[in-house]
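Visitor: I'd like to ask you about the structure that follows.
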Amino acid sequence: MVQAKSWILAKHFNGFPKDSDFHLKVEELPEPKDGEVLLEAVFLSVDPYMRPFSRFHMKEGDVMIGTQVAKVIQSKNPAFHVGSHVVSRCGWRTHAVSDGKDLTPIMSDWAPDVSLSLALGTIGMPGLTALYGIEEVLGLQKNETLLVNAAAGAVGTVVGQIAKIKGCKVVGSAGSDAKVAYLKELGFDEAFNYKTVPSLEEALKKAAPEGYDCFFENVGGHFSTVALPQMNNFGRIAVCGSISTYNDGTPQTGPYPHLTMIFKQLRMEGFMQNRWEHKHPESLKRLMAWLKEGKLKSREHITKGFENMPAAFMGLLQGENIGKAIVAV
């Protein structure tokens with residue numbers, strides 16, 4: 001018997017999450033049955049999507065949703081040997097029993113000098129989100145100009161670097177001078193702190209007087225309202241997130257972009273990476289190859305201790321992280 005800890009959604013978030021919305025549960029797990037494995041969490045992910053998803057896909061009392069890199073510590077399933085590592089969607093748990101259906105083995109040729117935590121970031125869901133947004137949704141072409149907001153986050157950092165690999169001009173917006181400096185390190189052509197510029201409109205115009213062909217949208221709200229008129233005719237917008245609205249008690253309303261979209265003949269498309277799940281194995285290999293070639297750099301904001309999961313999540317929503325937010329058990 002293994003003692004397992006899990007973080008429960010005690011109460012649906014009302015506005016910004018708070019400590020009392022979470023409850024730490026301790027339970028004894030049964031021995032795995034035939035076809036099952038016992039997992040032990042090594043790294044856990046905290047991601048912005050958890051905030052809106054909790055509202056629509058969870059009920060109070062559920063274990064918080066999320067992915068983790070876990071080690072197989074007992075196995076009665078021949079597909080998963082003891083000591084191997086997997087990506088699991090079992091949520092905020094230290095241990096879990098699984099029948100294997102929700103598990104993805106870490107790629108067999110994973111580079112030994114690359115931390116397994118990257119399977120939750122650059123070589124995982126955020127990296128895939130960046131890749132598919134650029135290739136499948138935007139169809140980004142060489143010499144085009146791309147705008148990405150929340151550019152110093154887990155997805156945005158990869159978006160900008162892939163766009164540079166493809167020979168494009170990249171403009172990034174972030175919420176601190178340290179984040180802007182990091183974007184410059186990554187090779188972004190222009191980057192600015194949206195919190196300190198006198199005018200967001202003027203900052204966008206100054207960064208790309210020629211306008212934007214593509215926009216990788218992670219923020220929504222006011223930023224989107226100001227950015228859309230900066231798009232070139234036939235511009236494309238990939239809507240990946242709307243983090244500026246996730247904690248609103250009252251939904252934001254207007255202005256409305258319809259005339260801008262009509263006159264500029266813009267295309268805006270929302271997406272999630274699981275639409276292209278059939279491409280994941282090949283896509284992860286491409287991301288790993290870029291990483292090993294030095295074309296793709298990765299930075300993590302690591303919080304130590306499973307007991308700090310809620311704090312790490314709330315810190316993420318306040319923009320404390322540069323790169324991927326990870327909790328190391």
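The values are calculated or read from the model by the stated rules, or taken from the named source; none is laboratory data. Treat the numbers as computed from the prediction; the structure is a model and nothing was measured. With ideal geometry, Cβ positions are generated from the backbone for all residues, glycine too; neighbour counts draw on all protein chains shown. Quick note on the areas: whole protein, heavy atoms, side chains included, nothing else; ligands and nucleic acids left out. Shrake-Rupley method; radii C 1.70, N 1.55, O 1.52, S 1.80 Å.
Visitor: Quick check on this structure: which one of E40, E60 is at pLDDT 95 or above, loosely packed, with under 14 Cβ neighbours inside 10 Å and among the charged types (D, E, K, R)?
Guide: One residue alone meets the criteria, E60.
Visitor: Another question about this same structure. In this structure, is S115 within 21 Å of C90 (Cβ to Cβ) and not β-branched (V, I, T)? Before you say what the answer is, go through the steps one by one.
Guide: Values: within 21 Å of C90 (Cβ to Cβ): yes; not β-branched (V, I, T): yes.
Judged against the criteria, S115 is a match.
Matching residues to (1) in a loop (DSSP other than H, G, I, E, B); (2) open to solvent by less than 10 Å² (accessible area, probe 1.4 Å); (3) without any contact (Cβ under 8 Å) to a residue 12 or more places away in the chain:
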| position | (1), (2), (3) |
| --- | --- |
| H81 | yes, no, yes |
| K101 | yes, no, yes |
| V114 | yes, no, no |
| G127 | no, yes, no |
| G133 | no, yes, no |
| K142 | yes, no, no |
| I162 | no, yes, no |
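Visitor: Of everything in region 144-156, what is under 21 Å from A203 (Cα atoms), open to solvent by 10 Å² or more (accessible area, probe 1.4 Å) and not in a strand (DSSP E or B)? Give them in sequence order. So that I can check it myself, show each step before the final result.
Guide: Taking region 144-156 first, the residues under 21 Å from A203 (Cα atoms) are 144-153, 156.
If we keep only those that are open to solvent by 10 Å² or more (accessible area, probe 1.4 Å) too, we end up with 144, 150, 153.
Residues satisfying the conditions are E144, A150.
Visitor: Sort out which residues of region 83-98 are in a loop (DSSP other than H, G, I, E, B) and farther than 17 Å from G124 by Cα, and write them in order of number.
Guide: Step one: list which residues in region 83-98 are in a loop (DSSP other than H, G, I, E, B), which gives 83-84, 89-92, 94.
G83, S84, W92, T94, listed by residue number.
Visitor: From the list G294, G270, G305, exactly one residue is modelled with pLDDT of 95 or more, in contact with a strand residue (DSSP E or B) (Cβ under 6 Å, 6 or more places away or on another chain) and surrounded by fewer than 16 Cβ atoms within 10 Å (Cβ to Cβ). Which is it?
Guide: G270
Visitor: So, in region 186-198, exactly how many residues are free of Cβ contacts under 8 Å to residues at least 12 places away in the same chain and either buried (at least 24 other Cβ atoms within 10 Å of the Cβ) or not β-branched (V, I, T) (or both)?
Guide: Of the residues in that region, 1 qualify.
Visitor: Related question: Mind checking which residues of region 11-36 are touching a Lys or Arg at 6+ places or on another chain (Cβ under 7 Å), among the aliphatic types (A, V, I, L, M) and in contact (Cβ under 8 Å) with a residue 40 or more places away in the chain?
Guide: Scanning region 11-36 gives a single hit, L24.
Visitor: Which of the residues belonging to region 72-100 are among the basic types (K, R) and under 14 Å from P32 (Cβ atoms)?
Guide: Across region 72-100, the qualifying residue is only K76.
Visitor: Answer with yes or no whether S283 is buried (at least 18 other Cβ atoms within 10 Å of the Cβ), under 26 Å from P112 (Cβ atoms) and in contact with a strand residue (DSSP E or B) (Cβ under 9 Å, 6 or more places away or on another chain).
Guide: The answer is no for S283.
Visitor: On to the next question. Which of the following residues is at pLDDT 95 or above, among the β-branched types (V, I, T) and farther than 24 Å from F306 by Cβ: T104, T67, T94, T157?
Guide: The conditions single out T157.
Visitor: Right, here's the next one. Looking only at region 224-266, how many residues end up being within 21 Å of Q141 (Cβ to Cβ) and loosely packed, with under 15 Cβ neighbours inside 10 Å?
Guide: Number of matching residues: 3.
Visitor: For region 164-174, name all the residues that are open to solvent by less than 20 Å² (accessible area, probe 1.4 Å) and either assigned to a loop (DSSP other than H, G, I, E, B) or closer than 12 Å to Y194 by Cβ (or both).
Guide: C168, V171, G172, S173, A174
Visitor: Sort out which residues of region 56-72 are within 20 Å of L120 (Cα to Cα), in contact (Cβ under 8 Å) with a residue 40 or more places away in the chain and more than 18 Å from the chain's Cα centre (by Cα), and write them in order of number. Break it down into steps so the answer makes sense when it comes.
Guide: Our first condition is that a residue be within 20 Å of L120 (Cα to Cα); within region 56-72, this holds for 63-72.
Remaining after also requiring in contact (Cβ under 8 Å) with a residue 40 or more places away in the chain: 63-64, 67-69.
Within region 56-72, just V63 meets the criteria.
Visitor: Can you name the helices (runs of 4 or more DSSP H) wholly within region 250-329 that have at least 2 residues being of a type in the set (A, V, I, L, M, F, W, C) and touching a residue at least 24 places away in the same chain (Cβ under 8 Å)?
Guide: 280-292, 309-317
Visitor: Ok, one more. Which one of these does W7 not meet: (1) touching a Gly at 6+ places or on another chain (Cβ under 7 Å); (2) in a strand (DSSP E or B); (3) farther than 30 Å from L291 by Cβ; (4) not β-branched (V, I, T)?
Guide: Tallying (1) touching a Gly at 6+ places or on another chain (Cβ under 7 Å); (2) in a strand (DSSP E or B); (3) farther than 30 Å from L291 by Cβ; (4) not β-branched (V, I, T), W7 fails exactly one: (1).
Visitor: Could you please give the count of residues in region 204-223 that are surrounded by fewer than 20 Cβ atoms within 10 Å (Cβ to Cβ) and not in a loop (DSSP other than H, G, I, E, B)?
Guide: 4
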